[in-house]
Amino acid sequence: MSHGSSSTGIPVTLLSGFLGSGKTTLLNYILQANHGKRIAVIENEFGEIGIDHDLVIGVDEDIFEMSNGCICCSIKGDLVETLNRLLDRKDKFDSILIESTGLASPGPIAQAFLVEETVQHGLYLDGIITLVDARHIEQQLVDADVAWEQIAFSHVILINKIDLVTKEELKAVEERVRQINPAAGVLISEHAQTDLDRIMNIGGFELHSGLEDLLQEHDHHDHELGNDAYSAQGIQSVSITDSGTLDINRFNIWLQTLLIVEGMDVFRAKGVLNLPDTDQRYIFQSVYMMFDGEHDRPWGDSERQNRIVFIGRNLDSEKLKQGFQNCLLEPDSH
């Protein structure tokens, strides 16, 4: 998976979330607060943000420079064209934040970043942040498949409008989003006010990102959720834990076949693998059909275990577990 590295380009944060979750409130905060960061904000519907034009330094077509050093730009036509137009001014900012529409899944946009040569030049996708309306998310999950996908693809979930719910309701929402996506970090906010360092420059697509949290979360939920969390829309997470030793060639073939056949239904996969003839853990992740893996730190005193989480739609838990079992070496062959 070619996701660039933090040393070779400008980080891009994709902001997702259902209608009314608070994306515009967050963008206004970024464009007007004295946070000392130079951020280019790309808006889908430019007219709706209601920028205070007293804050605008100079207007150049549809690119506005704010007094706090931020830049605001609207998507005219193609996102790639907009990004390239911003890149012509890349000396003006340090990172880019894109707001996707409230009815869009972030998956296809993320995939475009991971495969588009034109986008990769000078930019890399740093993370997907999804805002969740604490009061209305349960109903949105009933009404709209895309609300599930927005949560499933995210690296950080920002539960917003917590002032409108009770502590018990907030706890239920937190548990709900962790069921859908055990791999994401969860933050809470009122009026979308949050520490920008926790949603930007997070290295969400780095292999190590969120891995230990994911594995702890996976331990925590194994019994509570019976290993799988299902949704009415068929979006779920499936976790696999096995102490066997893995044949990496068989695993690669199996996973690549799975990703090709199930393609758009396996949103994300992430985990740690136990390989023979090495004292190092092997870590991997996939987004749709793109796969990335590398040797990691030594196992040390920790138990050598394969631990994987798949997040997707209509996943066959037993089939996944059986397929994985078929990739294990016989006990006496390593």
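On the basis of being among the acidic types (Asp, Glu) and either in contact with a helix residue (DSSP H, G or I) (Cβ under 6 Å, 6 or more places away or on another chain) or modelled with pLDDT under 80 (or both), does Asp60 make the cut?
yes
Please enumerate the residues belonging to segment 248-306 that are touching a residue at least 12 places away in the same chain (Cβ under 8 Å), among the aliphatic types (A, V, I, L, M) and closer than 14 Å to Cys327 by Cα.
Across segment 248-306, the qualifying residues are Ile248, Leu255, Leu258, Leu273, Leu275.
From Leu259, Leu275, which residue is in a loop (DSSP other than H, G, I, E, B) and either of a type in the set (A, V, I, L, M, F, W, C) or under 22 Å from Gln236 (Cα atoms) (or both)?
Leu275
Hey, among the residues in segment 16-42 that are more than 20 Å from Lys90 (Cα to Cα) and assigned to a strand (DSSP E or B), which one's farthest from the chain's Cα centre (by Cα)?
Result: Gly17.
So, of the residues in segment 78-106 that are polar (S, T, N, Q) and in a loop (DSSP other than H, G, I, E, B), which turns out to be nearest to Leu31 (Cα to Cα)?
The residue in question is Ser100.
Taking the residues in segment 278-311 that are in a strand (DSSP E or B) and among the aromatic types (Phe, Trp, Tyr) as candidates, determine which candidate is surrounded by the fewest Cβ atoms within 10 Å (Cβ to Cβ).
Per the criteria, the residue is Phe291.
Out of Glu174, Glu190, Glu168, which single residue is modelled with pLDDT of 90 or more, under 24 Å from Arg38 (Cα atoms), assigned by TED's automatic domain parsing to the domain that holds Asp126 and acidic (Asp, Glu)?
Glu190
For segment 96-132: of the residues being out of contact with any helix residue (DSSP H, G or I) (no Cβ under 6 Å at 6 or more places or on another chain) and of a type in the set (Asp, Glu), which is modelled with the highest pLDDT?
Among those residues, the one meeting the criterion is Asp126.
Any chance you could count how many residues in segment 290-308 are touching a Leu at 6+ places or on another chain (Cβ under 6 Å) and either of a type in the set (A, V, I, L, M, F, W, C) or outside the structural domain of Ser239 (by TED's automatic domain parsing) (or both)?
Looking only at that region, the number is 1.
With respect to Gly122, is the statement that it is surrounded by fewer than 21 Cβ atoms within 10 Å (Cβ to Cβ) and in contact (Cβ under 8 Å) with a residue 60 or more places away in the chain true?
yes
Go through segment 259-277 and give me each residue that's in contact with a Phe, Trp or Tyr (Cβ under 9 Å, 6 or more places away or on another chain) and either buried (at least 16 other Cβ atoms within 10 Å of the Cβ) or acidic (Asp, Glu) (or both).
Within segment 259-277, Leu259, Val266, Phe267, Arg268, Ala269, Lys270, Gly271, Val272, Leu273, Asn274, Leu275 meet the criteria.
Here is a check on your reading of the model: is Ile260 at pLDDT below 90 and outside the structural domain of Ala152 (by TED's automatic domain parsing)?
Yes; evaluated as a whole, the condition is true for this residue.
The values are calculated or read from the model by the stated rules, or taken from the named source; none is laboratory data. Because the structure is predicted, anything quoted here is derived from the model rather than measured. Virtual Cβ from ideal backbone geometry, glycine too; neighbours counted across all protein chains shown.
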